[in-house]
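For reference, the structure discussed in these notes is given below.
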Amino acid sequence: MAPTPRPQRWLLRKPKGDAPTRLFCFPYSGVGASMYNRWPKHIGPAEVCLIQLPGRENRLRDPHYGTYEQLAGPLAEALLPYLDRPFGFFGHCGGALPGFATALHLLREGLPTPSALFVSSQVAPHDGPFGRFLGMTDAELAVELGELTRAMGGTPHPGLIDMSLGVLRADVDANRAYHLAEPVRLPSVVHTIGWDADQEISPDQMGGWEKYAEPGRFRPTVLQGEHYAFLGAPDHLIDVLAAGMARAQEETEEGGTDGPRADA
């Protein structure tokens, strides 16, 4: 097995030690952590920690992670030094399932699990695979990469599009391969975030996530905006994330969480 890259390689910037909580944000398919360049460094008191997956941006020479299951172990190992306080995972679309898979790995290994799991624009693992990208040719994916680049505020460059296409294809293949036959309940509060003008997935299609939360710990939300509205860190999204992370901190201070669990 290849050595696990040092923890800093998995994060765009090293977390600081003074934040009471941390929110780890996963990039969606085909792009890297810089997709969050319009997000604040803190959401309330929670520090925003940007996950950098291999094969993109400053990890361009690192091989692709393979499947979500193959990603979860090395990523969890790299994040472990920073899971010493309440934390959450956020992922949008193609970033949501790697986040869930990592949370599930932590649970099964008896390691600290996220207090909050925020899932934006993605179906539950037993309802997938799902999404337009699954049936696209490389040429069609290249067009989508151009649109993703524009949505992030950049200008598509043919050379960079060609370079990124292999990563996007591998990410799509990982999505296609991921499916759970039965839901697994997490100790996390599971927040789903749907968007009322999202043409990729309806908020109604996200209801399956309720089966991954313990009774009373499922929080569905529908916000105004289209599929990529989250990139601009709109206030109504930040409010949802801030409230969820504040509650995670309160539960810990009140002794309302029992720590890692591996009995689900």
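For the reader, a short list of remarks on this structure follows.
- Index of the failed condition, Ser164 passing every other in (1) part of a helix (DSSP H, G or I); (2) within 17 Å of the chain's Cα centre (by Cα): (2)
- Selection within segment 227-264 - surrounded by 14 or more Cβ atoms within 10 Å (Cβ to Cβ), of a type in the set (Asp, Glu) and at pLDDT 95 or above: Asp239
- Only a single item in (1) buried (at least 16 other Cβ atoms within 10 Å of the Cβ); (2) more than 25 Å from Ser29 (Cα to Cα); (3) at pLDDT below 95 is not met by Glu200, and it is number (2).
- Scanning segment 201-217 for residues that are under 17 Å from the mean Cα position of the chain (by Cα) and part of a loop (DSSP other than H, G, I, E, B) gives a single hit, Ile201.
- Residue check, Leu165 crowded, with 17+ Cβ neighbours inside 10 Å and hydrophobic (A, V, I, L, M, F, W, C): yes
- Test: residue in segment 248-260 that is hydrophobic (A, V, I, L, M, F, W, C) and in contact (Cβ under 8 Å) with a residue 40 or more places away in the chain: yes
- The set of residues from segment 77-102 being among the hydroxyl-bearing types (Ser, Thr, Tyr) and within 20 Å of Gln249 (Cβ to Cβ) comprises just one member, Tyr82.
- Subset of segment 17-46 [more than 28 Å from Arg150 (Cα to Cα), at pLDDT 90 or above and of a type outside the set (A, V, I, L, M)]: Asp18, Pro20, Thr21, Arg22, Gly44, Pro45
- Residue among Thr155, Thr102, Thr113 that alone is among the β-branched types (Val, Ile, Thr) and assigned to a helix (DSSP H, G or I): Thr102
- Flag if Arg108 is in contact (Cβ under 8 Å) with a residue 60 or more places away in the chain, out of contact with any helix residue (DSSP H, G or I) (no Cβ under 8 Å at 6 or more places or on another chain), basic (Lys, Arg) and surrounded by fewer than 23 Cβ atoms within 10 Å (Cβ to Cβ): yes
- Residue match in segment 32-41 (condition: touching a Gly at 6+ places or on another chain (Cβ under 6 Å) and within 19 Å of Leu97 (Cα to Cα)): no
- Flag for Leu53 being part of a loop (DSSP other than H, G, I, E, B), within 17 Å of the chain's Cα centre (by Cα) and among the hydrophobic types (A, V, I, L, M, F, W, C): yes
- Selected residue (criterion: surrounded by the fewest Cβ atoms within 10 Å (Cβ to Cβ)) from residues of segment 12-50 that are under 16 Å from the mean Cα position of the chain (by Cα), in a loop (DSSP other than H, G, I, E, B) and in contact (Cβ under 8 Å) with a residue 40 or more places away in the chain: Asn37
- Annotation note: of Leu134, Leu141, the sole residue that is under 15 Å from Gly30 (Cβ atoms), loosely packed, with under 15 Cβ neighbours inside 10 Å and in contact (Cβ under 8 Å) with a residue 12 or more places away in the chain is Leu134.
- Just one of the listed residues (Gln8, Gln52) is at pLDDT 95 or above, polar (S, T, N, Q) and closer than 30 Å to Arg247 by Cα, namely Gln52.
- Filtered by the rule that a residue be within 13 Å of Leu11 (Cβ to Cβ) and over 17 Å from the mean Cα position of the chain (by Cα), segment 61-90 gives a lone residue, Pro81.
- Output for segment 194-236, where each listed residue is closer than 10 Å to Ser120 by Cα and without any contact (Cβ under 8 Å) to a residue 24 or more places away in the chain: Pro203
The values are calculated or read from the model by the stated rules, or taken from the named source; none is laboratory data. As the structure is a computational prediction, the values presented were derived from the model and not from experiment. Neighbour counts are summed over all protein chains in view; Cβ atoms, including those assigned to glycine, are modelled from backbone coordinates with ideal geometry.
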